[in-house]
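Each value in this text was obtained by applying a stated rule to the coordinates, not by laboratory testing. No experiment lies behind these values; they were computed from the predicted model shown. When we count neighbours, we look across all protein chains shown, and the Cβ atoms used for this are built from the backbone with ideal geometry, even at glycine.
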Ligand SMILES: *Cc1c(COP(=O)(O)O)cnc(C)c1O
Ligand code: SF4
């Protein structure tokens with residue numbers, strides 16, 4: 001689903017995307033991890049394939065099975081276990097689809113599942129089971145999506161999600177910007193993306209070119225779960241986006257064994273801020289089949305946030321939220337009716 005063009009005409013970021021590790025044994029060997037991990041990784045990979053771009057691989061400590069970045073991308077045995085309470089569509093996305101690739105859950109905003117492709121495959125992702133084939137807004141050059149958006153003046157913000165919208169080609173994205181320019185009630189365009197983090201070279205002249213065409217304000221919500229994900233290349237990608245006038249926010253997912261630690265969460269906020277990115281959400285894990293080993297219960301999550309709140313300025317404390325099917329917004333944790341654990 002990645003648009004493969006003539007290799008000679010590929011941008012460097014497209015070559016990096018094409019060079020991503022897509023084989024579990026290759027990942028295990030590249031990092032000098034125990035061969036004993038291979039068999040289980042191969043099976044879990046059959047359900048949701050491995051994908052790790054080289055720039056992300058380089059930030060993983062070799063030889064450490066507990067590395068917090070590795071845990072996000074390595075398929076494990078425990079993904080196979082029977083997981084009552086964990087489902088394929090835990091957040092009710094299928095029910096919220098109002099046109100192909102257009103999700104309408106909240107007032108004033110529509111979310112476009114622009115593409116099924118991602119630059120990295122995160123094991124905890126609720127989209128691991130999503131039937132993308134029927135739901136890609138970019139497929140028809142945004143026609144169905146833009147017709148829906150143009151017809152409803154209550155929509156002020158268009159959110160590009162996926163998959164990851166920044167895996168789309170610059171041509172596709174320029175088309176979208178052009179289309180949205182013609183819809184006067186659209187005031188904000190938001191991208192939910194992990195690409196500037198895992199392939200920072202994506203923030204190139206091509207991207208800055210179509211960004212410059214936006215009439216609406218542009219917001220990018222990055223997805224960084226651990227301070228070790230922010231290296232010099234990420235910092236400079238963020239700096240280029242800032243210069244282009246983009247508002248940069250971060251959402252993380254609270255993940256056992258990755259960032260369920262007040263020191264790590266505080267360091268994440270501070271390091272992101274130093275790169276020009278403000279914390280936005282800290283999401284409770286969606287109860288998606290195969291991800292149970294990442295779950296952190298709500299009481300512990302709220303406790304971790306209290307420690308962070310006591311230590312950092314308020315603007316560096318993310319909002320701890322849970323996505324709840326049918327709710328009018330992300331639900332704060334703890335809140336009445338929200339402190340429901342997966343188990
Ligand atoms: C999360 C989400 C949004 C955005 O919610 P905000 O609280 O504005 O960040 C919009 N639409 C859908 C379908 C979502 O899941
Ligand atoms: S949608 Fe985001 S969290 Fe899910 S696999 Fe893609 S990059 Fe990872």
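Where both residues lie in the chain, what percent of DSSP beta bridges are antiparallel, nearest 5?
Working: 7 of 36 bridges.
Just about 20 percent of them are antiparallel.
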Requested in this report: Tell me the label-point distance for the pair residue 144, residue 278, using the 7 Å Cα-to-Cβ offset, in nm and rounded to one decimal.
Outcome: 3.6
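How much length is gained if the chain between residue 106 and residue 80 is pulled fully straight, taking 0.36 nm per residue apart and subtracting their Cα-Cα distance, in nm to one decimal?
6.0 nm
Below 8 Å, C-alpha to C-alpha, sequence gap of six or more: please give me the relative contact order for the chain in percent. Spell out each step's value before the answer.
Numbers: 649 pairs, mean separation 56.8, N = 343.
Relative contact order, the chain: 17 percent.
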Query - Compactness of the stretch 24-166 - radius of gyration and Dmax, Cα, Å - result: 18.1, 56
Report summary line: Relative contact order in percent for the stretch 90-237 (Cα pairs under 8 Å, 6+ apart) equals 23
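So for each of 164-177, 63-76 I average, over its residues, the number of other beta carbons within 10 Å; can you give me the resulting order with the highest mean first?
Details: 164-177: 20.9, 63-76: 19.0.
Result, highest mean first: 164-177, 63-76.
Apply 1/(1 + (r/R0)^6) to the Cβ-Cβ distance of residue 64 and residue 315, taking R0 = 41 Å, and write down the FRET efficiency to the nearest 0.05.
Values: r = 33 Å, r/R0 = 0.80.
In this case the efficiency is close to 0.80.
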**Report entry** Average Cα contact separation per residue, the stretch 264-319, under 8 Å, 6 or more apart, as relative contact order %
**Finding:** 49
Query raised in the report: If you find the alpha carbon centre of the stretch 12-30 and of the stretch 310-327, how far apart are they in angstrom?
Result: 33
Query - Residue-span extension gain [residue 217 to residue 261] - 0.36 nm each, minus C-alpha spacing - result: 12.4 nm
Query raised in the report: Binning every alpha carbon pair distance of the stretch 195-322 at 5 Å from zero, what are the percents per bin?
Result: 2, 11, 21, 21, 17, 13, 9, 5, 1, 0
Requested in this report: Rank-order 108-117, 223-232 by packing density, defined as the average count of other C-beta atoms within 10 Å over each peptide's residues, highest first.
Outcome: 108-117, 223-232
Query - the stretch 7-80: radius of gyration and largest Cα-Cα distance (Dmax), Å - result: 12.9, 42
Query - Where labels lie 7 Å past Cα in the beta-carbon direction, separation of residue 25 and residue 95 in nm - result: 4.4
**Report entry** Principal axis dimensions, largest first and in whole angstrom, of the chain by Cα
**Finding:** 54, 53, 38
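Compute the normalised compactness of the stretch 125-265: alpha-carbon radius of gyration over 2.2 N^0.38 Å, N being the residue count. Before the final figure, lay out the partial values.
Values: Rg = 16.0 Å, N = 141, 2.2 N^0.38 = 14.4 Å.
Working it through for the stretch 125-265, the quotient is 1.11.
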Report summary line: Under 17 Å by backbone N from the virtual spin label 7 Å along Cα-to-Cβ at residue 42, the residues of the stretch 61-78 are 75-78
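Ranking 280, 106 by Cβ neighbours within 10 Å, fewest first, what do you get? The partial results should precede the final answer.
Values: 280 18, 106 15.
The most exposed by this proxy come first: 106, 280.
Provide 28, 159, 235 in ascending order of the number of other Cβ atoms located within 10 Å of each residue's Cβ, fewest first. Before the final figure, lay out the partial values.
Details: 28 23, 159 20, 235 16.
Ranking 28, 159, 235 by Cβ neighbours within 10 Å, fewest first, gives 235, 159, 28.
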Requested in this report: Could you please state, rounded to a whole Å, how far the C-alpha centre of the stretch 194-234 is from the C-alpha centre of the stretch 248-279?
Outcome: 16
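Among 299-308, 259-268, what's the highest-first ranking by average C-beta atoms within 10 angstrom per residue? Present the calculation step by step, with values, prior to reporting the outcome.
Values: 299-308: 16.5, 259-268: 19.8.
Per-residue Cβ counts within 10 Å, averaged per peptide and sorted highest first, yield 259-268, 299-308.
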